[in-house]
Amino acid sequence: MRRYAARVWETIAAAATGQSALWESCLRAEGERDAAAVFSTLAPPEHRLGLETIYEGYLVHYGRPRLFAPGDRDTVLLLGDYLYAQGLVRLSAAGSVEAVADMGELISLCAQLRAESSPDDGPPWAASVALLGRGVLKETEDGKELLARARDAAGDEAVERSLAAHARRVG
């Protein structure tokens, strides 16, 4: 798993630096990167690269990113959106239009929650990833219900680990 995770981070970093000198200038030095997966471990392996790319974009916007350290607000906005888009492209390439739709719903909901100063976006993340492609956010946005569904799909321990890691990144 550790070897696979290392390839995920290398792929995200290489793609970004290949796209833009600005993204390359934002990339943390290798010793400063935190290659800890947060929610992608709740999903099938074929979706993990796309999910980690999207989550890194989310962290650029709202938390402490693991791979990047953008210097100003304009770059934060642009880099975060670039990572969202790249992650969605990767999910699409993995063959799941439903997964792309779920992540679009999640990105929208998280933006709304952050605009309302609500820090409780962990349950939507956990449920959306654990039930990727099943449209869980179209059924409910209730945090308790989302947590219950995530735990049923991925297990209590895995969900709790992901939520704790998420809290450290956005808290």
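The values are calculated or read from the model by the stated rules, or taken from the named source; none is laboratory data. Note that the structure is a prediction, hence the values are computed from the model and not measured. Just so you know, the surface numbers come from the protein's heavy atoms only, side chains and all, with ligands and any DNA or RNA stripped out. Shrake-Rupley method; radii C 1.70, N 1.55, O 1.52, S 1.80 Å.
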Helix 2-19 sits off the longest principal axis of the Cα atoms of the chain, rounded to the nearest 10 on a 0 to 90 degree scale, by 60 degrees
extent check for segment 1-57: Cα max minus min per principal axis, descending, whole Å, gives 32, 21, 16
Once phi for every residue in segment 110-118 is put through the Karplus expression 6.51 cos²θ - 1.76 cosθ + 1.60 (θ = phi - 60°), the whole-Hz ³J(HN,Hα) values, with Gly and Pro written as x, are 5, 4, 5, 4, 5, 5, 8, 6, 9
Which residues qualify? For Phe68, with a placed amide H closer than 5 Å and at least 5 residues away or on another chain, they are Arg28
Helix 156-170: inclination vs the chain longest Cα principal axis, degrees, rounded to 10, gives 40 degrees
Counting only protein heavy atoms and rolling a 1.4 Å probe, one gets per residue an accessible area for segment 1-60 in Å² of 49 Å²
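When the helices in the chain are scored as -39500 (n - 2.57) per DSSP H run of 4 or longer and the sum is shared across all residues, what 222 nm value do you end up with, to the nearest 500 deg cm²/dmol? Could you put the intermediate results ahead of the total?
Numbers: 9 runs with 119 residues, N = 171.
Result for the chain: -22000 deg cm²/dmol, rounded to the nearest 500.
Give me the extension gain from Ser25 to Ser117: residue separation times 0.36 nm, minus the current Cα-Cα distance, reported in nm with one decimal.
30.1 nm
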Rounded to whole angstrom, the alpha-carbon centroid of segment 30-91 lies from that of segment 114-156 at a distance of 19 Å
